[in-house]
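Q: Here it is: the structure, laid out below.
None of the figures in this text is laboratory data; all of them are computed from the coordinates on show. None of these values were measured; they are calculated from a predicted model. Backbone-built Cβ (ideal geometry, glycine too); neighbour counts: all protein chains shown.
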Amino acid sequence: MKVRHLIDSCDLTVKEVEELIKLANKIMDNPNKYNTCCKNKILATLFFEPSTRTRLSFEAAMHRLGGSVLGFADGASSSGAKGESVSDTVKTVSCYTDIIAMRHPKEGSAFVAAEVSNVPFINGGDGGHYHPTQTLTDLLTIYNVKNKFEDFVIGFCGDLKFGRTVHSLVKAMARYKNISFIFISPVELVIPDYLKKDVLEKNNIKYYESTNLEKEISKLDILYMTRVQKERFFNESDYIRLKDTYILNQEKLKNAKEDLCIMHPLPRVNEISREVDSDSRAAYFKQAKYGVYIRMALIMKLLEIEEKVC
Ligand code: CP
């Protein structure tokens, strides 16, 4: 039987995403009901790049489902350091475990890994490409804050070139009705052409690009801030020049809608002032918390564990 993998946010249909959101909310309301769903199942977390939220929320999710976890938080402690390929690593680990989550700095590594995995494989971020489980977390946040997925003006602000969470969420939100996008970034960090051409223009989705957060903020229903991705720059002086281009603070929020939803995948560096954390519109720590529940739902789906057996 063919196993399901998650490489890109659109590997799941809109209906499947909605089912996952429903299940995540049920788990959140009654977590004890699910605490043996993955008894005797093992999750591997293979992280070749640093992570706090993705790795630990996957691990928390599996523990909370009654399963166990093995893996590494640093590729330097795996046989990758001796020159083993990603595909050999994943092929081997899929003999030991029931499901795998991997983060790797190379774009496309998730695709290569999924090709050889005998168990469900989840992309926990491949370079500046995609981060589909962050997208599921973001979708759960949007749904729980706004109670819908349609009729939004969504602003993405910061590093839109390397920000994989942006790429995955744009693709996912482009599937809903009456969504338009405003992409706010320095000219050096604009959203990739393939997203503009193959996702937005092809589907007649309205968007424009801007360099000015202050000018755009009043138009937005959702503002998705991102950090400038230091680890993807070849040149440190460019990073230093661009890193503080946008800093969201209370002054800028004076012109924002009262029901603006402020999101950020985290980690934050300087791009949202600490004073914003207590604003009722700030959703980013809620977003981090939701990551556990949506990953619990995803693990259950990919392992084909029915709610009734829990
Ligand atoms: N949002 C996110 O991917 O965070 P981590 O890098 O801490 O996993």
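Q: Spelling out what I want: for every residue of region 242-259, take phi, set θ = phi - 60°, compute 6.51 cos²θ - 1.76 cosθ + 1.60 (Karplus), and round to whole Hz; glycine and proline get x.
A: Listing the rounded values in order: 9, 4, 10, 4, 10, 10, 7, 9, 5, 4, 5, 6, 4, 8, 8, 5, 5, 10 Hz.
Q: Let me ask another. In units of 2.2 N^0.38 Å, what is the alpha-carbon radius of gyration of region 117-177?
A: 1.22
Q: Right, another one. Report, in order of residue number, the helices in the chain meeting two criteria: a C-alpha extent of 18 Å or more along the helix axis, and a mean Kyte-Doolittle hydropathy of at least -0.5; treat each whole DSSP H run as one helix.
A: 14-29, 132-146, 284-302
Q: Which value results for Rg/Rh of region 133-288 when Rg is the Cα radius of gyration and Rh the Kirkwood radius based on the inverse mean 1/r?
A: 0.93
Q: Moving on to the next point. Residues with beta-carbon under 13 Å from that of Asp279, excluding Asp279: net charge, scoring Lys, Arg +1 and Asp, Glu -1?
A: Local net charge: +1.
Q: Normalised by the number of residues in the chain, what is the relative contact order in percent for Cα pairs under 8 Å and 6+ residues apart?
A: Computed over the chain, the figure is 20 percent.
Q: Taking amide H positions as placed in the peptide plane 1.01 Å from N, state which residues far from Tyr207 in sequence (5 or more) or on other chains have amide H under 5 Å from it.
A: Phe181
Q: What's the longest bit of the chain with no exposed GluC sites (Glu not before Pro), using DSSP loop states and at most 13 other Cβ atoms within 10 Å as the test?
A: 151-257
Q: Hey, another quick one. Rg and Dmax of region 1-57, using alpha carbons, in Å: what are they?
A: 14.1, 34
Q: Given Cα positions, please report Rg to Rh for the chain, the hydrodynamic radius being the Kirkwood one.
A: 0.96
Q: Can you give the calculated 222 nm mean residue ellipticity of the chain, where each DSSP H run of n ≥ 4 adds -39,500 (n - 2.57) and the sum is split over every residue, rounded to the nearest 500 deg cm²/dmol?
A: For the chain, the value works out to -10000 deg cm²/dmol.
Q: List the residues, sorted by chain then number, that are 5 or more residues from Leu6 or on another chain and whose placed amide H is less than 5 Å from its amide H.
A: Phe121, Ile122, Asn123
Q: Of all chymotrypsin sites (Phe, Trp or Tyr not before Pro) in region 180-261, which ones are in loop regions per DSSP and have a Cβ with at most 15 other Cβ atoms within 10 Å?
A: Passing both the DSSP loop test and the Cβ count: Phe234.
Q: Between Lys286 and Glu231, with labels modelled 7 Å along Cα→Cβ, what's the label distance in nm to one decimal, could you check?
A: Here the answer is 2.8 nm between the modelled labels.
Q: What is region 250-310's relative contact order, in percent, from Cα pairs under 8 angstrom and six or more apart in sequence?
A: 33 percent
Q: Of Lys177/Lys286; Lys22/Lys243; Lys254/Lys286; Lys161/Lys215; Lys33/Lys257; Lys206/Lys230, which ones are farther than 32 Å apart at the Cα?
A: Lys22/Lys243; Lys33/Lys257
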